[in-house]
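So the structure is just underneath, and the comments pick up after that.
Each value in this text was obtained by applying a stated rule to the coordinates, not by laboratory testing. Everything numeric here is computed off the predicted structure, so don't read it as measured data. Note: ideal-geometry Cβ built from the backbone for every residue, glycine included; neighbour counts use all protein chains shown.
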Amino acid sequence: MLSRSARTVAAAALVAAVAACAGPSHVDHAQSADVAKTIAATQGPDGIQEVTIKTTNDFRFDPPTVTAHTGKVKVTLVDVGSYPHNLAVAAMHFTSDTVTGGPGQNMTTFTMTFAKPGTYPFECTFHSSAGMRGTFLIH
């Protein structure tokens, strides 16, 4: 027969093992993988920061996070799938043109001016409920 302290240790180990096996009730591995994708805007030939963001049939932005400095950022939004997408930044009252996977309609370019550092969430207005969101991190 085990001593009381040995039973307590055994019970605690069993609870920890069961909890580890159960894990969280829901893990969205695609979303977790997206969080790690961050790209920095690069300096374009005209001195304006530039970034390309792709939209996918998985209802994701690639990359979902863009870092940049205050000032102008030229964004090229490219649809690599077949659904219509756009990019909207509510804090700036801005929504881009819609892109689709169709010929001649798969890309749009626009310039946004970020006057202050901060976090600027963006979304596809068609698919935000499916998790199609991203963030501009402005330094």
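Number of residues in the stretch 124-139 that are within 17 Å of Ile39 (Cα to Cα) and either in contact with a helix residue (DSSP H, G or I) (Cβ under 8 Å, 6 or more places away or on another chain) or part of a strand (DSSP E or B) (or both): the value is 6.
Say we look at the stretch 123-139 and pick out the residues that are in contact with a strand residue (DSSP E or B) (Cβ under 7 Å, 6 or more places away or on another chain) and free of Cβ contacts under 8 Å to residues at least 40 places away in the same chain; which of these is surrounded by the most Cβ atoms within 10 Å (Cβ to Cβ)? Per the criteria, the residue is Glu123.
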